[in-house]
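Each reported figure results from applying straightforward, stated rules to the coordinates on display, with no laboratory input. Keep in mind that this is a model prediction, so the values were computed, not measured. Here Cβ is always computed from backbone atoms with ideal geometry, including for glycine, and neighbour counts include all displayed protein chains.
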């Protein structure tokens, strides 16, 4: 049951990252072509949003990777402990 939730959490995170990337691009384009915004402000939104998404998604994937490595290590230690 735990693996089910971890697997679906990974899938949900993947969807959120893809949607976040799409929203960053759309927000940057809207900013570039709005009357109050400008091309440079749109590039700033694109750059800052991309940097934020990369950092946050990286932290989340790092946490999932630590979980997977810990699980694999525990399985390997259990195999070694068996006579």
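Please rank 32, 23, fewest neighbouring Cβ atoms within 10 Å first, as an exposure proxy.
With the fewest neighbours first, 32, 23 line up as 23, 32.
Suppose the chain between residue 67 and residue 7 were pulled fully straight at 0.36 nm per residue; how much longer would it get relative to their current alpha carbon spacing?
20.4 nm
For the chain, what does the helix formula give at 222 nm: sum of -39500 (n - 2.57) over DSSP H segments with n ≥ 4, over the residue count, nearest 500 deg cm²/dmol?
-33000 deg cm²/dmol
Rounded, prolate or oblate: which fits the chain, taking a ≥ b ≥ c as square roots of the Cα gyration tensor eigenvalues, rounded meaning a/c under 1.5, else prolate when a/b beats b/c?
Note, shape of the chain comes out prolate.
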